[in-house]
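What follows is a single structure, written as structure tokens, with notes after it.
Just so it is clear, none of the values below were taken in a lab; they were calculated from the coordinates. For clarity, every value in this text was computed on a predicted model and none was experimentally measured. So basically every Cβ, Gly included, is an ideal-geometry build from the backbone, and we count neighbours across all protein chains shown.
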Amino acid sequence: MPLNVIVERCPQNHPCPAIRRCPVGALKQDGFDAPTVDNQKCIDCGKCTSFCPTGALVLEKK
Ligand code: SF4
């Protein structure tokens, strides 16, 4: 599971801006909940991690 969503870091009060940055549609959000990642789709590009201002999206080193 290379991309982790750290739920405690997400204020969960807004549409996640990082979702639009994902080139493969791997991030989804239900309401204002913290986003979830489909690791089957995720290509570990890291675009979402640099876009989340609270650092809730963390790419783990393999
Ligand atoms: S690391 Fe890249 S492919 Fe994976 S969820 Fe983030 S933006 Fe999408």
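Suppose we keep only residues that are within 23 Å of Lys61 (Cα to Cα) and out of contact with any helix residue (DSSP H, G or I) (no Cβ under 7 Å at 6 or more places or on another chain) within the stretch 5-22. Which one would you say is surrounded by the fewest Cβ atoms within 10 Å (Cβ to Cβ)? Top of the filtered list is Glu8. Residues in the stretch 6-30 that are touching a residue at least 40 places away in the same chain (Cβ under 8 Å) and among the basic types (Lys, Arg): Arg9 only. Entry remark, the stretch 15-62: residues being within 11 Å of the ligand (Cβ to nearest atom) and assigned to a helix (DSSP H, G or I) number 9 in total.
Does Asp33 satisfy being surrounded by 12 or more Cβ atoms within 10 Å (Cβ to Cβ), in contact with a strand residue (DSSP E or B) (Cβ under 7 Å, 6 or more places away or on another chain) and either of a type in the set (D, E, K, R) or without any contact (Cβ under 8 Å) to a residue 24 or more places away in the chain (or both)? Answer is no for this residue.
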